[in-house]
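Only one structure is covered here, and it is reproduced in the block below.
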Amino acid sequence: MKGRTVLLLLLLLTGYCPAIEVLLEEDFSGDLEDRWIQFGDPSPIICDSFGDTPPSFDSNGDSMWDSGIASRAGFALEGTLVLECDLFVPSNERGSWITGEIQLARLTGAALDPCGIETDVRVSMCYSYSGEADWGCPHLQGHLQLCCGSNPDDWEYLSMPHTNGYLDQWHRFRIEIHEDRTSSFFIDDSLIHASAIRLPADVDSLTLILSGRSGTYSRVFHDNVVLMRQY
């Protein structure tokens, strides 16, 4: 839990000591069924041989659709919600269509189906790698995508291609949804983007979702998930 430890130390050093409530912690050593709903085809899997530290979560999504897990519980949008997750996205120049994503979202209707998940409000970080097999994108690049807002009425999308510095090693991704309903995005405690978009006032809770595509050429892994609330 390196990112969480660093955050707490910085708060103590600056003299700011908010109340912190841990809402969910997951290291994937237990049964997914206890706290998660699985979606997608093929289904997600647990990797016992790799992680930060092992085991870790492999979304196992194919090249067409994401697979993943959604928390069985929803989490009230109160205080500042902080989602942290270690993410490993490898590079393999022969392949493509691999992604890892973390998000807090409001599910809609028949939200869970074999092809993925449906949301109308979300705050998300998605990191992918495009190799030679991806004819639609420049080859050999990491691609970071940040989203927040209400789709399609009020939506902010930031695309950051050629962000190769996060490939092939573990990095700590973090989303913060503040009391004023704006959002901030961090990697390894460095601020990547602060959004001015505010989530709609009628959103009272959000679901935690881990998803992505992880296939034949390379595997993508999530690990050490923490969701907490700061007051």
- Would you be able to say whether some residue in the stretch 90-108 is over 18 Å from CYS148 (Cβ atoms), more than 16 Å from the chain's Cα centre (by Cα) and surrounded by 21 or more Cβ atoms within 10 Å (Cβ to Cβ)? yes
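Just need a number here: residues in the stretch 205-217 that are touching a Lys or Arg at 6+ places or on another chain (Cβ under 9 Å) and modelled with pLDDT under 95.
First, pick out the residues of the stretch 205-217 that are touching a Lys or Arg at 6+ places or on another chain (Cβ under 9 Å): 205-207, 209, 217.
Subset that is modelled with pLDDT under 95: 217.
So the count comes out to 1.
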- Task: May I ask you to list pairs of residues, at least six apart or on different chains, whose Cβ atoms are under 6 Å apart, with the first in the stretch 48-62 being under 9 Å from SER214 (Cβ atoms) and the second being part of a loop (DSSP other than H, G, I, E, B) and basic (Lys, Arg)?
- Result: ASP58/ARG219
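In the list SER63, SER59, which residue meets the criterion of being of a type in the set (Ser, Thr, Tyr), touching a strand residue (DSSP E or B) at 6+ places or on another chain (Cβ under 7 Å) and surrounded by fewer than 17 Cβ atoms within 10 Å (Cβ to Cβ)? Walk me through it before giving the result.
On the way: SER59 fails: surrounded by fewer than 17 Cβ atoms within 10 Å (Cβ to Cβ).
Just one listed residue meets the conditions, SER63.
Under the condition of being hydrophobic (A, V, I, L, M, F, W, C) and crowded, with 18+ Cβ neighbours inside 10 Å, which residue from the stretch 171-195 is farthest from the chain's Cα centre (by Cα)?
Taking the stretch 171-195 first, the residues hydrophobic (A, V, I, L, M, F, W, C) are 173, 175, 177, 185-187, 191-192, 194.
Then drop every residue that is not crowded, with 18+ Cβ neighbours inside 10 Å, which leaves 173, 175, 177, 185-187.
On the way: PHE173: 7, ILE175: 8, ILE177: 13, PHE185: 11, PHE186: 11, ILE187: 11 Å.
Out of the qualifying residues, it is ILE177.
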- Task: Taking ASP223 as the residue in question, decide whether it is charged (D, E, K, R) and under 22 Å from ASN92 (Cβ atoms).
- Result: yes
- Message: Contact list please: Cβ distance under 7 Å, first residue in the stretch 166-182 and under 17 Å from ASP27 (Cβ atoms) and aliphatic (A, V, I, L, M), second residue surrounded by 19 or more Cβ atoms within 10 Å (Cβ to Cβ) and at pLDDT 95 or above, pairs at least six apart or on different chains.
- Response: none
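The values are calculated or read from the model by the stated rules, or taken from the named source; none is laboratory data. This structure is a prediction, so every number in the text was calculated from the model and none was measured. Every residue, glycine as well, gets a Cβ built from its backbone with ideal geometry; the counts of neighbours run over all protein chains shown.
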